Structure formats: C-alpha cells, structure tokens
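**Student:** Quick one: structure below, then a few questions.
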Amino acid sequence: MLPHARIEHVGASSIDGAISKGDLDIFVGVKAGNHQQTVMLLQGVGYTVKLDTHRDQSLCMLEHADNADALQVVVNGSQYECFITFREALNRDPNLVSQYNALKNRHQGANVQIYRLAKSEFIRGVLLKV
C-alpha cells in the first residue's frame with residue numbers, strides 16, 4: 001500500500017518494559033514530496049487526521065475508527081524523526097523506562113492535557129540528552 005514509505009513501530013509498545021495501553025504507534029516516513037499524497041491515501045482507506053495534535057508540512061497524525069492504533073506520517077530527515085530517537089534512547093536505558101513508567105502511573109486517570117504536557121516535557125528532556 002505504501003511502497004516508498006519507511007514504516008517503524010514507535011511508542012510505548014515498542015519500548016522494552018514500558019507501560020502501554022496496547023495500541024500501536026506506527027511511524028510512516030516518506031519523502032517530502034510524498035507527504036500530502038500519503039496522508040490522502042491513508043484517508044482513502046479509513047484513517048482520519050487527529051485534530052487534537054500538532055500538524056504541519058512534515059507531520060500528520062492519523063487514527064482509524066476501528067482501532068486505537070495511530071499513524072504518524074513524517075517527512076524523512078525532519079525533526080519528527082525524534083519518535084525513533086526517543087524509542088531508541090529508552091530501549092538503551094532501563095532507568096529512563098522506569099522514569100517514563102512512573103510518569104504514566106502518576107497521571108493514570110488524570111486530565112489528558114496535563115498528562116500530555118508532562119509526557120512532552122519528559123520526552124524533550126530525553127531528547128536533549130541524546
């Protein structure tokens with residue numbers, strides 16, 4: 001379906017020992033010239049653009065009504081390859097995984113916006129160290 005895309009599993013379910021909701025986050029890396037076309041193709045097979053997330057010419061998050069999985073269509077070489085960098089950093093450092101799990105446990109049942117802010121701050125901190 002996406003012959004020229006680089007597809008990788010990212011997100012908590014791709015990190016050894018990380019707490020996960022069981023859903024999948026899939027990184028779909030494409031050339032800049034194919035980004036919008038890829039988004040449109042995925043919309044044509046039932047994915048919708050997530051409206052409550054950041055979007056620009058190098059990143060578009062999509063979801064499907066039939067499952068909780070998410071696709072992150074990313075321009076290869078862009079700053080959004082940080083999804084992969086973050087995954088790799090945590091898979092190299094069990095202490096970071098423990099900190100990430102503690103953050104998730106502290107925010108279980110909490111306001112989603114507060115959790116997202118705390119999670120974003122944690123991710124930024126990890127990325128600054130790699």
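The values are calculated or read from the model by the stated rules, or taken from the named source; none is laboratory data. In this text the structure is predicted, and so the values were computed from the model without any measurement. Don't worry about glycine lacking a Cβ; one is built from the backbone with ideal geometry, like all the others, and counts go over all protein chains shown.
**Student:** Residue 3 fails exactly one of the following numbered conditions: (1) without any contact (Cβ under 8 Å) to a residue 12 or more places away in the chain; (2) assigned to a loop (DSSP other than H, G, I, E, B); (3) closer than 20 Å to residue 120 by Cβ. What is the number of that condition?
**Tutor:** (3)
**Student:** Taking the range 118-130 only, how many residues are under 15 Å from residue 85 (Cα atoms) and either assigned to a loop (DSSP other than H, G, I, E, B) or touching a residue at least 12 places away in the same chain (Cβ under 8 Å) (or both)?
**Tutor:** Number satisfying all stated conditions: 6.
**Student:** From the list 91, 67, which one is closer than 24 Å to residue 43 by Cα and either touching a helix residue (DSSP H, G or I) at 6+ places or on another chain (Cβ under 8 Å) or surrounded by fewer than 17 Cβ atoms within 10 Å (Cβ to Cβ) (or both)?
**Tutor:** Being closer than 24 Å to residue 43 by Cα and either touching a helix residue (DSSP H, G or I) at 6+ places or on another chain (Cβ under 8 Å) or surrounded by fewer than 17 Cβ atoms within 10 Å (Cβ to Cβ) (or both) holds for just one of 91, 67, which is 67.
**Student:** What pairs come out if I take residues in the range 32-53 that are surrounded by 13 or more Cβ atoms within 10 Å (Cβ to Cβ) and of a type in the set (S, T, N, Q) and pair them with residues that are part of a loop (DSSP other than H, G, I, E, B) and at pLDDT below 95 whose C-beta lies under 7 Å away, six or more apart or interchain?
**Tutor:** Within 7 Å, the pairs are 34/4; 38/2; 38/5.
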